[in-house]
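Notes for the one structure printed next.
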Amino acid sequence: MEGILGRKLGMTQIFTEDGTVVPVTVIEAGPCVVVAKRTVERDGYTAVQLGYLEQKPHRVNRPMMGHFQKSEVPPFKILREFRATPQEVEELREGQKVTVEIFQPGEKVKVTGRSKGRGFQGVMKRHGFAGSRDSHGARYHRTPGSIGQCTFPARVFKGLKMPGHMGNRKVTIRGLEVVEVLPEKNLLLIKGSVPGPRKGVLIIRKEGKE
């Protein structure tokens, strides 16, 4: 398997044998369950669909319940597909568990999550603008300044950095290092920070995989 689903628990630090402090993010990764398999003959590509975080049956609609019953697995809150080779798809079976043991310490991974939502923000916080003067004579302190032209072209160009909704976007951080794997606790310690708030759902994939 190339990846797994998990939840961000928070950050801490650990010490190496030579006393170096390493900041790490603690991720509760899996266990995930194989819900469905995609094959070239039926779907045109090969992949494995994983389910994460079981939920009560009455919270699932009938079409999705039929999807889970077909594979004889409990209903899950989150479903994600991971690309796999035809050989990997053939080896895996529906209902099989995928754990953090697919990762090794020192391995490079990429983590995808949704960044924290910041709501509607101005240009100084959203884009790092310097703003206007803060002297008493100035009337506008946090404005973006001029945004357009005169008679020609008499419009504001698209893509201009302006106030707007900030955060709550899909973010992927690449090149992160797996520091430690704790299979008995389903924990993954990754060096550095990852996107999203605590309890935020993450997709952890091996680097070099799509």
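Given the criteria of a type outside the set (Ser, Thr, Tyr), exposed (fewer than 11 other Cβ atoms within 10 Å of the Cβ) and over 17 Å from residue 89 (Cα atoms), does residue 59 qualify?
Details: of a type outside the set (Ser, Thr, Tyr): yes; exposed (fewer than 11 other Cβ atoms within 10 Å of the Cβ): yes; over 17 Å from residue 89 (Cα atoms): yes.
Here the answer is yes, as residue 59 does meet what is asked.
When you go through (1) of a type in the set (S, T, N, Q); (2) at pLDDT 95 or above; (3) assigned to a loop (DSSP other than H, G, I, E, B) one by one for residue 143, which number turns out not to apply?
Exception for residue 143: condition (2).
State whether the residues of segment 169-177 include one that is closer than 26 Å to residue 116 by Cβ and more than 19 Å from the chain's Cα centre (by Cα). Explain how you work it out, then say what you get.
The initial filter retains those residues of segment 169-177 that are closer than 26 Å to residue 116 by Cβ, namely 169-177.
Add one more test, that the residue is more than 19 Å from the chain's Cα centre (by Cα), and what stays is none.
No.
Residues to consider are 126, 133; find the one that is touching a Pro at 6+ places or on another chain (Cβ under 7 Å) and without any contact (Cβ under 8 Å) to a residue 60 or more places away in the chain. Working first, answer last.
Working: 133 fails: touching a Pro at 6+ places or on another chain (Cβ under 7 Å).
Sole residue among the options that is touching a Pro at 6+ places or on another chain (Cβ under 7 Å) and without any contact (Cβ under 8 Å) to a residue 60 or more places away in the chain: 126.
If I ask for residues that are among the polar types (S, T, N, Q) and within 30 Å of residue 200 (Cβ to Cβ), which ones from segment 117-172 would you list? Talk me through it step by step, then tell me what you get.
Quick first cut of segment 117-172, residues among the polar types (S, T, N, Q) only: 121, 132, 135, 143, 146, 149, 151, 168, 172.
121, 168, 172, listed by residue number.
Do the conditions hold for residue 143, that is, is it among the β-branched types (Val, Ile, Thr) and either surrounded by fewer than 10 Cβ atoms within 10 Å (Cβ to Cβ) or in contact (Cβ under 8 Å) with a residue 24 or more places away in the chain (or both)?
Numbers: among the β-branched types (Val, Ile, Thr): yes; either surrounded by fewer than 10 Cβ atoms within 10 Å (Cβ to Cβ) or in contact (Cβ under 8 Å) with a residue 24 or more places away in the chain (or both): no.
Criteria not met by residue 143.
Starting from segment 71-82, take each residue that is under 12 Å from residue 36 (Cβ atoms) and list its partners that are part of a strand (DSSP E or B) and among the small types (Gly, Ala, Ser), counting only C-beta distances under 8 angstrom and pairs at least six apart or across chains.
Cβ pairs passing all conditions: 71/36; 73/51; 76/51; 79/51; 81/47; 82/3; 82/47.
Condition first: closer than 16 Å to residue 203 by Cα and among the β-branched types (Val, Ile, Thr). Can you find one or more residues in segment 49-72 that meet it? Write out each step before concluding.
The initial filter retains those residues of segment 49-72 that are closer than 16 Å to residue 203 by Cα, namely 49-53.
Adding the requirement that they be among the β-branched types (Val, Ile, Thr) leaves none.
So far as segment 49-72 goes, no, none of its residues is closer than 16 Å to residue 203 by Cα and among the β-branched types (Val, Ile, Thr).
Can you give me the number of residues within segment 1-46 that are buried (at least 19 other Cβ atoms within 10 Å of the Cβ), assigned to a strand (DSSP E or B) and of a type in the set (Gly, Ala, Ser)?
Matching residues across segment 1-46 total 3.
Return yes or no: is residue 179 among the aliphatic types (A, V, I, L, M), closer than 29 Å to residue 15 by Cβ and outside any helix (DSSP H, G or I)? Show your work before the answer.
Numbers: among the aliphatic types (A, V, I, L, M): yes; closer than 29 Å to residue 15 by Cβ: yes; outside any helix (DSSP H, G or I): yes.
For residue 179, the condition - among the aliphatic types (A, V, I, L, M), closer than 29 Å to residue 15 by Cβ and outside any helix (DSSP H, G or I) - is met.
The values are calculated or read from the model by the stated rules, or taken from the named source; none is laboratory data. Just so we're clear, the structure is a prediction, and the values are computed from it rather than from any experiment. Heads up, the Cβs are rebuilt from the backbone with ideal geometry, glycines too, and the neighbour counts pull from every protein chain shown.
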